Each structure stands twice: as C-alpha cells, then as structure tokens.
Amino acid sequence: MSDDDRDLELEYRPFSLDLADPLETADGTIDSRNGFLVRITEQGTDDGPAGYGEATPLQGWTESHADCEAALARAAEAIESGSAAAIEAVDEQVAARHAVGLALTDLTARRESTPLYRYIGQGPMVGRVPVNATIGDGPTVETVREATDAVDRGFNCCKLKAGRRSVEEDIERVRRVREAVGPDVELRVDANEAWTYEEAATALEAAAEFDVAILEQPLPAGALEGHADLRTDDRGEGVDIALDEGLLEHGVDAICEAEAADALVLKPMALGGVDVARTVAAWVSELDIDPIVTTTIDAVVARTGAVHLAASIPDVSACGLATADLLADDLGKDPVLLEKGSAVVPQAKGLGVEGVWEE
C-alpha cells in the first residue's frame, strides 16, 4: 500500500432530485433520480483534498438502490485497508463502483493538481468536446420544434428518440426534421430496441435517404446477429449501427466477433466507472469502432465525470452529455458550460466540482 493510499475515509449520503419533466420509459415513468453522493478524504485532515463520486442507480442498467447502498457501506468499511480493497468490496454493483472509483480518481487528480481528463488519459489539454442535443420521442411538430431550437442554440448534431409509434410515422418525423434543419446538421436516430428486423430494415433504408449518420439500438439487445445483418444491408449505405443496451448484454468481444456495430455507446454509470469506460473506449477505438459517451440522467458529479471521460478520448464524436436540463434540481453548481454545440471542459484540479457536500 502506498503512502497516498493510507488513512482514507469514505462517506456517502443519499439524495433525491426531481426531473424537470417526467420521463416515460419502457420500464415505467421516471420523475426523480435517487442516488448517493460519495466523498473520500484523508483521515485526520480538515483542509486536505476531497474526491467526489456519484452512484445513481437506474432500473434496467445498474443494481437496485438498496444493493447500491449496501455496496457503499462495504466500501466505507473496506477503505481502511486501502483503495483497492474499497473497489473490491463493491463487487459487481456497477453504480457503487462508479462512485467509489470516481471519488478515488478525483482525489488523486486533485493531489497531482491536474484536470481529471488529463490524469486518466495522459494526453494534451482539451478545451471542449462536441455534444449532441437529444430530441424526445414526441409528435412530429414537437420533434421539429425541438430540433430547430437545438440548432438555433448552436448544436450541429441531434439525436432523435424513436420507437413509440409506427416506423412510418418515425420516418416522417426524420424527414420533417431533415427538411427543417438542412443538410449540414448531423442526425442520429435512437430506437431503444423498439423494432423488429423488418421494421429496422425499413427504417435503415429511410435513414440512408435522409442522411442519418447513426441508427442506435434498432433491435432488442439480444439480437446480435440481426444488428450484424443490418450493418451489411446495402439499403443502409452510409448509416452506422450503434449499440447501447447491446453492449451490456454481450460485451465487446462478442460484438466484435459478430461485427455487429460501428459505434458503441458508453455509459460510465452502467459500465462500472469512468476508468472502465476509458479502457473500453481505448480498446474499441483500435478496432475502428467509434466510442460515444453518454449519461444515465445523472447529477452534476457523474455528468462532469462523463465530460472528462469524453475529453480523454482522442477525436471523440459528439457525445450525449447535454442532459443537465432534464433535472429540476442538482447537487451543486455545474462547472461545465455548454456553448455552440460543445461542452467546455473544466480545467481545475480533478473533476472541478465544488460545493456539493456543503451542509
């Protein structure tokens, strides 16, 4: 155990944040995000550095709230034996591991007086990373309005949620958005596993016609061969297939073996931490698969961690990080400014998040 690994203390406290508007999902309605804020400090120091992490479980993606809390309790006890013991204590509870790992990394980066993205990536300074606007799965008129508003605010990449209506209606939504935003805005479509293969093939052909760059998770997560077949369908020339839920279902090895994806969506909270996601990003980039970082409707600590993750990935594509406005409240001030379709990366020590633990 190194000197820097001794005498650490892990504390955690629950939080509940209301969403700005209820979010309808296949698993039900989400109207709040409930999780745990984690702080790791050096025992016996009142003014030393502190590292912050966040565990915000999400049904279908992570462990339950109760299992997450139990894992954090184990980590708080185990950290007396060092940081590795704390990580090991959370076992396979990915949200808890995300929080503990992020807090430890934040603490170390603060000690070394370096922004977190430079600590994890060992790369050059990065001022900003591109982000996409996420357009909800609403009626056509609403979809067009949201997309044009996003473009007016400086976004040059819009991801349209789809799958709650017929494929024909979704195709019409895409057509109308393309007409409204013009040819220079990148469009992506996320079906969230909603379609059959026949429906996905129809959507893929239309996506090529309307110059959609990425079709994300068109089939259920288990349909690995189906996604591979879509990638080789001549009707979808120019459209990349991205997997999100499929990554958690199959893992990188199986996806690569099946040649089922051009891009993978990396959610640090669901993967078990920024460090895990960074390893996956480096791995798949070498295989010519595009890593795209997104959040799971996280609070400011995890969102900022995801921004640093994206900044550590060379030439990263537009990422799904512009999600702060989904929350009505937050844990503290957001250090990430969104400007002209980019997230301005904090250059302070560590995460750059302050004031979240104040009583």
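List of remarks:
- Of all the numbered requirements in (1) of a type outside the set (S, T, N, Q); (2) under 29 Å from residue 184 (Cβ atoms); (3) modelled with pLDDT under 95; (4) more than 15 Å from the chain's Cα centre (by Cα), residue 344 misses one, and that requirement is (3).
- Inter-residue pairs, beta-carbon under 6 Å, first in contact (Cβ under 8 Å) with a residue 40 or more places away in the chain and in segment 188-211, second of a type in the set (Gly, Ala, Ser) and not in a loop (DSSP other than H, G, I, E, B), 6+ apart: 188/213
- Pairs, first not assigned by TED's automatic domain parsing to the domain that holds residue 187 in segment 319-337, second assigned to a strand (DSSP E or B) and surrounded by 16 or more Cβ atoms within 10 Å (Cβ to Cβ), C-beta under 9 Å, six or more apart: none
- Candidates 224, 248, 264, filtered to the one that is closer than 28 Å to residue 208 by Cα and more than 21 Å from the chain's Cα centre (by Cα): 224
- Residue check for residue 297: touching a Lys or Arg at 6+ places or on another chain (Cβ under 9 Å), assigned by TED's automatic domain parsing to the domain that holds residue 189 and at positive phi: yes
- Looking only at residues in segment 232-253 that are buried (at least 20 other Cβ atoms within 10 Å of the Cβ) and aliphatic (A, V, I, L, M), the one that is nearest to residue 206 (Cα to Cα) is 239.
- Qualifying residue in segment 269-288 (condition: outside the structural domain of residue 63 (by TED's automatic domain parsing) and within 23 Å of residue 136 (Cα to Cα)): yes
The values are calculated or read from the model by the stated rules, or taken from the named source; none is laboratory data. This is a predicted model, so every value here is computed, not measured. Every residue, glycine as well, gets a Cβ built from its backbone with ideal geometry; the counts of neighbours run over all protein chains shown.
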